[in-house]
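Colleague: Quick one: the structure is below, questions incoming.
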Amino acid sequence: MTRAGGSAASWSANRFGDLLLPTPLQLRRRIEKLPDEVRDLPTEESVRAYVAALNSEVVAWLRTPTGPRVVVRPVNADDVVRDWRAARGRAAAERVAAQPAPVSIPARPRRRWWPWRRR
């Protein structure tokens, strides 16, 4: 079944994205998207766990390669963590810079204790 103006191949490519790619190309695409994937992770340990899971998939593919011969190497977790920290620092600096300066409200004149006694 096709959409208006498109073929079945383009529809399935848009719907399934990377699932139709061979394993080495899927791994390369995941490595390319790694900074975006780890950007919102809360802790360094979670970033390292994500990289370790990706590296285990890369190593599993390297042991029994299937599909086209594409160079895929494990990712250095320290480099990813360094980039993650730098991105978080930049995001924090941008949030601080984007906050408006506090507006000072002028103080009201002090009321006298005896309102009937005027000077």
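The values are calculated or read from the model by the stated rules, or taken from the named source; none is laboratory data. If you're wondering where the values come from, they're calculated on a predicted model, not measured in any experiment. Please note: Cβ atoms are built from the backbone with ideal geometry, for glycine as well, and neighbour counts cover all protein chains shown. Please note that ligands, DNA and RNA were not included when accessible areas were found on the heavy atoms of the full protein model with its side chains. Shrake-Rupley method; radii C 1.70, N 1.55, O 1.52, S 1.80 Å.
Colleague: Please give the net charge around R90, taking every other residue with its beta carbon less than 12 angstrom from that of R90, where Lys and Arg add +1 and Asp and Glu add -1.
Modeller: Details: positive: R39, R85, R88, R95; negative: D83, E94.
So the surrounding residues net to +2.
Colleague: Hey, another quick one. Leaving out ligands, DNA and RNA, what percent of the accessible area of region 32-91 is carbon and sulfur, probe 1.4 Å? The partial results should precede the final answer.
Modeller: Working: 2140 of 4030 Å².
Carbon and sulfur together cover 53 percent of it.
Colleague: Right, here's the next one. Compute the signed sum of charges (Lys and Arg +1, Asp and Glu -1) over the other residues within less than 13 Å, Cβ to Cβ, of T23.
Modeller: Numbers: positive: R28, R29, R30, R63, R69; negative: D18, E57.
With Lys, Arg at +1 and Asp, Glu at -1, the neighbours total +3.
Colleague: To the nearest 10 Å², what's S104's accessible area with a 1.4 Å probe?
Modeller: Per-residue accessible area (S104): approximately 100 Å².
Colleague: Also, quick follow-up: Using the heavy atoms of the protein chains and a 1.4 angstrom probe, tell me the accessible area per residue for region 14-59 in square angstrom.
Modeller: Per-residue value: 65 Å².
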